[in-house]
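Every number in this text was worked out from the coordinates using simple rules, so none of it is lab data. Just so you know, these numbers come straight off a predicted model, no measurement behind them. Note that we place each Cβ from the backbone using ideal geometry, even for glycine, and neighbour counts take in every protein chain shown.
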Amino acid sequence: MDILSIPANYVATAINSGCCGMAGSFGFDKDHYEVSMQIGELVLFPAVRQQAATTLIAASGTSCRHQIKDGTGRLALHPVEILFDALI
């Protein structure tokens with residue numbers, strides 16, 4: 001996570017949320033969808049919703065980024081995407 005603090009004017013803060021609820025393909029299964037979303041609502045989704053619209057949300061896992069989008073409507077980027085955008 002420290003690497004996200006390398007670009008000038010960037011400050012990275014971790015959300016201590018544990019699992020986003022997706023757990024790979026678990027949350028894609030219709031039988032697990034509600035449980036998956038409930039797990040996301042425990043910590044992660046409320047924390048993401050509290051962030052300003054200008055705050056970048058980073059998640060390294062594909063399923064985590066998908067879950068954040070579905071649960072909050074916010075786009076989560078891979079950390080490398082954020083670093084790349086900071087360079088250009």
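Odds and ends about this structure:
- Degrees separating the helix 33-42 axis from the principal Cα axis of the chain, which is the longest one: 50
- Label corresponding to Rg/Rh (Cα atoms, Kirkwood Rh) when calculated from the structure given, among (i) 1.24; (ii) 0.99; (iii) 0.94: (ii)
- For segment 21-45 and segment 53-79, distance of Cα centres in Å: 14
- Additional length obtainable on full extension of the chain from Ser25 to Leu75, 0.36 nm per residue less Cα span: 16.1 nm
- Theoretical ellipticity at 222 nm over the chain - DSSP helices of four or more residues, -39500 (n - 2.57) apiece, nearest 500: -11500 deg cm²/dmol
- Cα-centre dipole for the chain with unit charges at Cβ (Lys and Arg positive, Asp and Glu negative), debye to 20: 160
- As a rough footprinting exposure proxy, the listed residues Met22, Met37 were ranked by other beta carbons within 10 Å of their own, and the order from fewest upward is Met37, Met22.
- The GNM of the chain, with springs linking C-alpha atoms under 10 angstrom apart, assigns the highest mean-square fluctuation among Gly27, Gly18, Gly61 to Gly18.
- Footprinting exposure proxy ranking of Leu42, Leu77, Leu87, fewest other C-beta atoms within 10 angstrom first, gives Leu87, Leu42, Leu77.
- Among Ala23, Ala86, Cys64 - extreme Cα towards positive end, dipole of the chain, charges at beta-carbon: Ala86
- Arranged from fewest to most other beta-carbon atoms within 10 Å of their beta carbon, Cys20, Cys64 become Cys64, Cys20.
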